[in-house]
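Encoded as structure tokens, the structure appears first; notes follow it.
The values are calculated or read from the model by the stated rules, or taken from the named source; none is laboratory data. Only a predicted model underlies this, so the values are computations on that prediction, with no experimental measurement involved. Cβ coordinates were reconstructed from backbone atoms using ideal geometry, including for glycine residues, and neighbour counts include every protein chain displayed.
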Amino acid sequence: MMDLDRTACYRAISTRDARFDGRLFVGVKTTGIYCRPICPARTPKLENVSFYPSAAAAQDAGLRPCLRCRPETSPDLAVSRGTSNTVSRALALIEAGGLDEADVEGLANRLGVGARQLRRLFHQHVGASPIAVAQTRRVLLAKQLIHETSLPMAEVALASGFNSVRRFNETFLQMFGRSPATLRHARDRGKREPGELSVRLAYRPPYDWDAMLSFLGARAIPGVEVVSGRTYRRTIVIGGHSGVVSVAPSDRNRINVSVRFPNIAALPQIIARVRRVFDLAADPDAIGAHLSLDPLLASLVLARPGLRVPGAWDGFELAVRAIFGQQITVPAATRLLGRLVEAHGFVLPAATGDGGGLSHLFPAPARLATADLTVLGMPKARAMSVTSLAAALTADSTIFGRGASLEDAIAKLRSLPGIGEWTAQYIAMRELREPDAFPAADVGLLRAMTGADGRRPSPTELLSRAERWRPWRAYAALHLWAAGATQAASSGKVHEREAA
């Protein structure tokens with residue numbers, strides 16, 4: 001298991017240092033519980049505590065989550081990013097349900113490693129097995145739903161990923177010594193609209209919420225996405241069901257996620273996608289400290305310390321967006337996407353009850369595979385790229401799945417119709433959540449790196465410079481795009497390739 005300096009950890013919990021929230025958990029031998037470092041309870045003696053790098057590690061040691069500081073509400077950081085890419089990818093797959101219907105061997109195969117090696121890496125970097133991580137996620141989500149919603153216990157079980165209500169009850173009895181219902185307090189439950197479920201997700205500050213909403217708002221597909229005030233809303237499709245999700249900033253470094261969806265068992269998948277879109281697993285302190293080693297980026301990080309990499313809700317949607325945006329401005333591409341949705345997207349069911357500008361679902365690959373897109377007013381070659389991509393994805397739904405490495409992912413994406421190096425890197429950055437993806441040929445990045453003599457670097461030269469930014473090149477790209485946004489906006493030539 002990864003080493004944790006006991007003296008430093010104890011100092012962190014003694015001072016209730018919020019910088020360590022989500023980075024470590026403290027187990028108390030005398031009570032059998034584990035807490036966040038900011039827990040308001042009296043600090044136990046050093047000889048009575050043990051420290052863990054993750055909630056899963058603490059839970060795997062036989063400890064139960066504290067009812068006061070509620071570990072389920074701590075920032076869910078990608079603890080191994082930059083340390084083990086394999087574990088990072090595995091954690092993302094587990095969050096998306098990679099162990100719900102598969103075993104560790106199947107997960108390891110997707111990552112290109114052996115099951116024994118994957119277990120060893122998890123114990124080294126997370127302190128617990130992949131199975132323990134998946135189980136902890138289910139327990140903590142269930143606990144959060146018990147505290148924060150009025151859902152019946154059977155629905156809590158389904159919404160948190162338990163396939164059996166009996167298993168759900170047994171798990172809580174074993175962990176807490178009482179039934180799930182006894183953990184619920186009336187004062188914790190928030191009000192909700194009929195048919196709507198709300199959960200709050202934590203992140204590590206700072207967070208540049210304005211930059212995130214500006215990015216998503218500029219690319220909002222008419223009928224599918226809306227950014228209004230400080231709220232992002234969109235239509236969603238999972239497993240043949242459709243609904244609406246709404247995301248807005250909340251208090252205490254959290255976001256509020258409101259969901260209208262007929263299948264409550266899809267909640268873990270919805271939460272995973274929201275976390276991906278809003279990059280909630282980022283550790284801005286670690287990322288910023290590394291990028292600031294480069295004098296050029298140091299000032300950019302200081303100006304925008306909470307900048308995140310916006311994710312994508314769906315890989316196919318993002319790929320179509322990127323192809324549509326080739327050689328035209330972002331507003332023009334967005335209008336074109338609106339025409340695509342109006343012509344080929346399914347109308348949002350009236351039962352969803354939305355009347356705030358959301359009207360359609362983004363077209364499924366099977367629907368576009370045989371469509372004539374040239375009537376939308378786009379070049380024939382680009383239309384063929386989209387239909388060919390749709391046909392390929394219809395035949396293989398795992399095309400946009402995370403693989404063994406960034407290089408493997410780029411090679412796989414580049415083999416698809418209409419996907420070049422830039423588009424592949426862009427998809428890896430936003431859909432596959434690869435923190436080191438870097439579209440070096442991007443015009444906006446090259447322009448941002450223009451020297452005092454007015455000379456722009458070549459893509460090869462930029463790649464060489466970016467070596468020092470690894471493994472956070474995607475975040476470096478966002479900072480460079482943000483730095484060049486004013487110049488790009490004033491010229492009126494902001495292309496999808498200039499993704500700031």
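Remarks
- Taking (1) outside any loop (DSSP other than H, G, I, E, B); (2) free of Cβ contacts under 8 Å to residues at least 40 places away in the same chain in turn, Lys143 satisfies each apart from (2).
- Residue within segment 89-103 that is in contact with a Ser or Thr (Cβ under 7 Å, 6 or more places away or on another chain) and either more than 23 Å from Ala159 (Cβ to Cβ) or assigned to a strand (DSSP E or B) (or both) present: no
- Helices (runs of 4 or more DSSP H) wholly inside segment 395-482 that include at least 2 residues being without any contact (Cβ under 8 Å) to a residue 24 or more places away in the chain and within 19 Å of Leu216 (Cα to Cα): 421-430
- Candidate set from segment 278-320 (those that are in contact with a Lys or Arg (Cβ under 9 Å, 6 or more places away or on another chain) and acidic (Asp, Glu)); member that is surrounded by the most Cβ atoms within 10 Å (Cβ to Cβ): Asp279
- For segment 142-151, the count of residues that are at positive phi and among the small types (Gly, Ala, Ser) is zero.
- Test: residue in segment 224-231 that is assigned to a helix (DSSP H, G or I) and within 25 Å of Pro75 (Cβ to Cβ): no
- Number of residues in segment 148-177 that are in a helix (DSSP H, G or I) and at pLDDT 90 or above equals 16.
- Complete set of residues in segment 5-35 that are surrounded by fewer than 19 Cβ atoms within 10 Å (Cβ to Cβ), aliphatic (A, V, I, L, M) and farther than 13 Å from Leu46 by Cβ: Ala18
- Just so you know, in segment 178-198 the residues that are more than 16 Å from Pro262 (Cα to Cα) and either among the acidic types (Asp, Glu) or in contact with a helix residue (DSSP H, G or I) (Cβ under 7 Å, 6 or more places away or on another chain) (or both) include one that is modelled with the highest pLDDT, and it is Pro180.
- The condition of being surrounded by fewer than 23 Cβ atoms within 10 Å (Cβ to Cβ), out of contact with any helix residue (DSSP H, G or I) (no Cβ under 6 Å at 6 or more places or on another chain) and either under 27 Å from Leu389 (Cα atoms) or among the hydrophobic types (A, V, I, L, M, F, W, C) (or both) holds for only one of Glu407, Glu461, Glu467, that being Glu407.
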